[in-house]
Amino acid sequence: PPETRAAARVRPRSAPAPVTDVAKLCVCDLLVAQCDVNCCCDPDCSAADFSLFTTCSVPIVTGDSHLCSQKAAIYSLDVEANPPERIFKLIDQVNPSVFCIHATNYEQALSFRSPEMPTSENFDQLLKRFGSATFSAEPDNWNMNTDAQNPSDVNETYRYEYGVPIRTVDAFLRLPSPVVSSWCSDANPAGFLVNQATKCTRSVSVEKCYNVQAVSMLFYINSSILAVNITVQSIVVQSLNGMRTLLNGSDVIRLPMILDELCINIVLGVSYHITYTDAGEIIEAAASFVLGAINNEVLSIQQSFEISFTQVNTKPVPLSGNPGYVVGLPIRAGFRPQGYPFPVEILFAALVLNTNKYSQLTILQSTSHQDCLAAQGARTPILFGYNMISGCKLRITAAMKCQPLTQTLLDLLKGQSFPEYVASFGNSQAQDVLDWVPITHLHTSEQRISNTFQSSCQIPVSLEIEVKWTKYGSLVNPQARIVNVTATITTTTLKQLPSGRERTIPVTSSVVFTDISSPAEPGYKAWPTINARLPFDFFFPFV
Amino acid sequence: NNSYQLSSVPLQILFYVNGIYYIFYFLATLAMIVYKSQVFSYPDDFLAPDLALLLIMAILEVLRLYFGSKGNLTEEEAPLGLSLVITVGSVILSVYFLVWQTYVLKADVIINAVLLFTYGLESVLKVVAIAAFVS
């Protein structure tokens with residue numbers, strides 16, 4: 001029809017004018033061309049519809065109540081009449097207050113502003129003003145700060161948190177590990193600060209020497225961790241009979257090759273060493289390889305993989321917990337060298353990474369033959385949380401002198417280098433002096449009857465190490481912390497034997513862990529206080 | 001009629017009452033402007049002229065009452081004439097506050113009407129006094 005086409009051609013410059021006539025305003029008229037239920041102001045309703053209503057949902061429609069006099073439309077239902085009919089009244093409502101608005105010379109005072117309709121001219125300007133998540137009332141001083149932000153640089157070093165897989169250029173740094181069976185699976189990502197050691201079986205034979213990628217050195221150093229290349233730290237060559245030799249020039253990549261019916265340069269083990277900063281960035285990565293050779297009969301080899309993390313500028317020391325001791329890990333101990341206020345553990349740690357006998361607390365290890373003098377030097381490290389007792393039998397003959405026997409027994413009980421300090425936390429650093437607990441030495445004598453006048457021979461027969469530890473930290477995740485270590489040596493009198501006779505005395509050493517943590521105390525929040533204060537000079541003229 | 005005294009006593013009484021009433025008027029108008037700015041939408045563009053004109057009106061009122069009182073008591077027609085001229089300005093300002101203010105409340109209408117009535121009465125008495133002084 002031509003009317004609608006004409007209407008479509010006319011583009012509205014602004015939104016339709018708001019309805020201000022109270023007689024025509026109806027907020028409950030929601031359905032177009034249909035009667036809304038209980039809507040007395042709906043023009044679509046007929047008298048028959050009104051007779052079915054129960055109440056009027058909109059009883060009065062007024063203008064702004066601040067005005068002194070305003071028009072009001074009142075709708076009501078006359079239920080007395082039969083049938084009920086709607087009553088419509090148009091009255092002047094008067095505001096009795098003396099502060100009612102008599103007149104206003106400001107057009108937008110009592111109504112909402114009509115928003116600007118977007119057209120092709122002002123669309124860009126409107127988008128600039130209102131296109132973002134926030135906009136202010138004054139478009140002039142709206143600053144475009146979002147443009148000044150630089151996009152984050154992709155080349156920035158990536159910061160890791162504990163357990164996050166280490167990203168390489170294409171995917172993640174992989175540490176092959178057995179998944180369901182013992183066969184290697186290459187899908188195990190290495191997590192940051194998660195020291196792992198895995199062993200798995202790889203199927204390889206001399207014919208497939210060049211085909212299997214996972215036995216070639218290139219597979220493990222090809223992918224570079226973001227911005228850091230994996231360098232080859234050392235190569236150990238293992239011969240067919242198991243003898244290992246460290247190669248001198250270790251920056252050459254040796255690829256598998258077939259030589260005299262053997263496939264050599266097969267990767268038997270990889271050990272990654274990642275150096276990180278305390279901000280969580282990886283700055284160095286090195287890999288040590290163990291290469292071996294296989295012959296025709298071999299169908300599969302066992303590969304071992306390891307990854308360890310070292311913080312930059314610190315010496316790598318195996319932790320026994322982070323920070324509290326973990327049950328089953330050895331207790332870390334150390335010495336205070338002459339002149340230095342910190343334990344000398346750091347000097348020893350540089351030599352051997354994994355097992356460091358000088359920095360552990362050890363106890364005599366029982367052997368099958370139970371002869372103390374024959375079992376020289378067999379010691380086992382003390383593991384946190386495991387009470388141990390061990391011992392041996394000492395055969396004393398008449399020919400033994402007191403002083404050498406005492407010294408031998410002390411060496412037996414305490415070992416060659418009994419440490420002086422024990423780390424209170426599993427990750428105590430050698431530089432933090434206060435994190436180390438000194439070992440207290442006590443001497444007791446077995447015989448209560450103190451025959452001190454008699455200068456008899458006292459030989460040590462028992463060493464008891466008592467480790468007192470406490471729970472430290474939060475209630476949900478308590479950390480074990482060693483508070484006190486006491487080494488008690490019990491001595492007994494050596495009675496002089498008649499010649500030819502011999503005695504056997506038992507020598508024992510034990511370790512006991514005692515939990516001395518105090519019970520948790522409940523903590524309650526303080527009661528809220530009413531803070532009502534008068535100003536300082538409230539009673540000014542009088543006070 | 002005391003022929004030796006030309007000063008108009010009713011005019012002086014009216015000046016006195018006008019002064020007191022104007023103090024009340026000034027405080028009431030100022031308070032209502034503050035009320036309007038809190039309750040209604042009162043942009044700064046409209047608030048500034050209203051406050052400025054109220055201040056000007058207060059200054060004019062002080063001058064007007066001073067000159068009028070001085071002229072009446074010294075029986076000189078020059079200050080009284082000046083006061084009459086200033087009254088015209090005050091009337092215009094009062095009409096502004098009655099009709100052209102941003103928000104005209106009913107209370108505004110009442111106090112401005114009283115002020116205008118006072119001005120009218122004063123003007124008549126001033127003209128009579130000037131006529132008495134001149135002759």
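Restricting to the stretch B:7-23, name every residue that is over 15 Å from B:F97 (Cα atoms) and not β-branched (V, I, T).
Answer for the stretch B:7-23, where residues must be over 15 Å from B:F97 (Cα atoms) and not β-branched (V, I, T): B:S7, B:S8, B:P10, B:L11, B:Q12, B:L14, B:F15, B:Y16, B:N18, B:G19, B:Y21.
What are the pairs with Cβ atoms under 7 angstrom where one residue, in the stretch A:403-426, is under 16 Å from A:C457 (Cβ atoms) and the other, located anywhere, is part of a strand (DSSP E or B) and of a type outside the set (A, V, I, L, M, F, W, C)? Sequence gap at least six, or different chains.
A:T406/A:P460; A:L409/A:P460; A:L410/A:P460
Is it the case that the stretch A:393-414 has a residue that's of a type in the set (D, E), surrounded by fewer than 16 Cβ atoms within 10 Å (Cβ to Cβ) and out of contact with any strand residue (DSSP E or B) (no Cβ under 7 Å at 6 or more places or on another chain)?
Yes; the residues of the stretch A:393-414 include at least one that is of a type in the set (D, E), surrounded by fewer than 16 Cβ atoms within 10 Å (Cβ to Cβ) and out of contact with any strand residue (DSSP E or B) (no Cβ under 7 Å at 6 or more places or on another chain).
Would you point out the residue of the stretch A:67-82, among those that are within 14 Å of chain B (Cβ to nearest Cβ) and surrounded by 17 or more Cβ atoms within 10 Å (Cβ to Cβ), that is nearest to A:F53 (Cα to Cα)?
Result: A:Q70.
Which condition does A:K128 not pass, out of (1) of a type outside the set (A, V, I, L, M); (2) assigned to a loop (DSSP other than H, G, I, E, B); (3) away from chain B (no Cβ under 14 Å), if it passes all the others?
That leaves (2) as the condition not met.
Quick grid of which residues meet (1) outside any helix (DSSP H, G or I); (2) closer than 30 Å to A:R113 by Cα; (3) within 14 Å of chain A (Cβ to nearest Cβ):
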{"position": "B:Q12", "(1), (2), (3)": "no, no, no"}
{"position": "B:Y21", "(1), (2), (3)": "no, no, no"}
{"position": "B:M32", "(1), (2), (3)": "no, yes, yes"}
{"position": "B:Y35", "(1), (2), (3)": "no, yes, yes"}
{"position": "B:S41", "(1), (2), (3)": "yes, yes, yes"}
{"position": "B:I59", "(1), (2), (3)": "no, no, no"}
{"position": "B:T87", "(1), (2), (3)": "no, no, no"}
{"position": "B:V91", "(1), (2), (3)": "no, no, no"}
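Test of understanding: among B:V109, B:V104, B:V62, B:V85, which residue is without any contact (Cβ under 8 Å) to a residue 12 or more places away in the chain and over 30 Å from B:Q38 (Cβ atoms)?
B:V85
Evaluate the stretch A:514-528: report whether one residue or more is touching a Leu at 6+ places or on another chain (Cβ under 9 Å) and crowded, with 17+ Cβ neighbours inside 10 Å. Show your work before the answer.
Our first condition is that a residue be touching a Leu at 6+ places or on another chain (Cβ under 9 Å); within the stretch A:514-528, this holds for A:520.
After this cut, where a residue has to be crowded, with 17+ Cβ neighbours inside 10 Å as well, the list is none.
Within the stretch A:514-528, none of the residues are touching a Leu at 6+ places or on another chain (Cβ under 9 Å) and crowded, with 17+ Cβ neighbours inside 10 Å.
Report the residue count in the stretch B:43-57 for those that are within 14 Å of chain A (Cβ to nearest Cβ) and either in a helix (DSSP H, G or I) or within 18 Å of B:A113 (Cβ to Cβ) (or both).
Residues that pass the stated criteria total 8.
Among what's in the stretch B:9-45 and is surrounded by 12 or more Cβ atoms within 10 Å (Cβ to Cβ), within 29 Å of A:L67 (Cβ to Cβ) and among the small types (G, A, S), pick the residue that is modelled with the highest pLDDT.
The extreme case among them is B:A28.
Do you know which residues across the stretch A:471-512 are of a type outside the set (A, V, I, L, M) and within 29 Å of the chain's Cα centre (by Cα)? Write out each step before concluding.
Here is the first cut: in the stretch A:471-512, the ones of a type outside the set (A, V, I, L, M) are A:471-474, A:477-479, A:481, A:484, A:486, A:488, A:490-493, A:495-496, A:498-504, A:506, A:508-510.
Those that are of a type outside the set (A, V, I, L, M) and within 29 Å of the chain's Cα centre (by Cα): A:K471, A:Y472, A:G473, A:S474, A:N477, A:P478, A:Q479, A:R481.
Within the set of pairs 6 or more residues apart or between chains, which connect a residue that is at the interface with chain B (Cβ under 10 Å from one of its Cβ atoms) inside the stretch A:98-123 to a residue that is of a type in the set (K, R) and surrounded by 14 or more Cβ atoms within 10 Å (Cβ to Cβ) with Cβ atoms less than 6 Å apart?
Within 6 Å, the pairs are A:V98/B:K106; A:C100/B:K106; A:H102/B:K106.
Determine which member of the set A:L90, A:L77, A:L31, A:L25 is assigned to a strand (DSSP E or B) and modelled with pLDDT under 90.
Exactly one residue qualifies, and that residue is A:L77.
For the stretch B:93-128, which residues satisfy the criterion of being within 14 Å of another protein chain (Cβ to nearest Cβ), surrounded by 15 or more Cβ atoms within 10 Å (Cβ to Cβ) and hydrophobic (A, V, I, L, M, F, W, C)?
B:F97, B:L98, B:V104, B:L105, B:A107, B:V109, B:I111
Among the listed residues A:F513, A:F539, which satisfies the condition of being farther than 20 Å from A:D371 by Cα and assigned to a strand (DSSP E or B)?
After applying the criteria, what remains is A:F513.
Of all residues in the stretch A:211-241, which are outside any strand (DSSP E or B) and either of a type in the set (S, T, N, Q) or out of contact with any strand residue (DSSP E or B) (no Cβ under 9 Å at 6 or more places or on another chain) (or both)?
Across the stretch A:211-241, the qualifying residues are A:N211, A:Q213, A:S216, A:L218, A:N222, A:S223, A:S224, A:N229, A:S239, A:N241.
The values are calculated or read from the model by the stated rules, or taken from the named source; none is laboratory data. Owing to the predicted nature of the structure, the values given are computational and were not obtained by experimental measurement. Glycine also receives a Cβ, built like all others from the backbone with ideal geometry; neighbour counts cover every protein chain displayed.
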